[in-house]
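Q: So that we are looking at the same thing, I have put the structure below in structure tokens.
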Amino acid sequence: MTTYDPIELKRIRWRSRRGLLELDLVLEKFFAGPFDQLAPAQIDAYRQLLDLPDTDFLDVVNGKADLDDPELMDIVAILRSL
């Protein structure tokens with residue numbers, strides 16, 4: 001488990017800016033709400049999602065695809081609820 005300092009959290013927010021408007025809109029809601037309540041392990045999982053290409057990430061968020069990792073899917077469930 002990692003503890004995140006404010007600078008690292010800003011980096012995560014910056015990496016969350018994507019090339020697809022639909023995905024950006026979901027991620028803006030995510031940062032406006034649930035992100036600040038995430039545990040460090042959940043932030044770690046979210047960082048792994050950021051490694052996905054934009055189109056794959058959008059497919060996962062929209063429910064067109066799922067991931068095998070349950071920790072990642074916990075974050076995906078939050079994103080899908082927005």
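The values are calculated or read from the model by the stated rules, or taken from the named source; none is laboratory data. Model, not experiment: these values are computed from the prediction. Quick reminder, even Gly has a Cβ in these numbers, built from the backbone with ideal geometry, and neighbours come from all protein chains shown. Keep in mind that these areas ignore ligands, DNA and RNA; they rest on the heavy atoms of the full protein, side chains included. Shrake-Rupley method; radii C 1.70, N 1.55, O 1.52, S 1.80 Å.
Q: When region 1-48 is examined, which residues are found to be open to solvent by less than 60 Å² (accessible area, probe 1.4 Å) and acidic (D, E)?
A: Once the filter is applied, which keeps residues that are open to solvent by less than 60 Å² (accessible area, probe 1.4 Å) and acidic (D, E), region 1-48 yields E8, D24, D44.
Q: Looking only at region 50-69, decide whether some residue is assigned to a helix (DSSP H, G or I), hydrophobic (A, V, I, L, M, F, W, C) and free of Cβ contacts under 8 Å to residues at least 12 places away in the same chain.
A: The answer is no, given that none of the residues of region 50-69 is assigned to a helix (DSSP H, G or I), hydrophobic (A, V, I, L, M, F, W, C) and free of Cβ contacts under 8 Å to residues at least 12 places away in the same chain.
Q: Restricting attention to region 54-82, which residues are open to solvent by 50 Å² or more (accessible area, probe 1.4 Å) and within 26 Å of T3 (Cα to Cα)?
A: Those that are open to solvent by 50 Å² or more (accessible area, probe 1.4 Å) and within 26 Å of T3 (Cα to Cα): D68, D69, P70, E71, D74, A77, R80, S81, L82.
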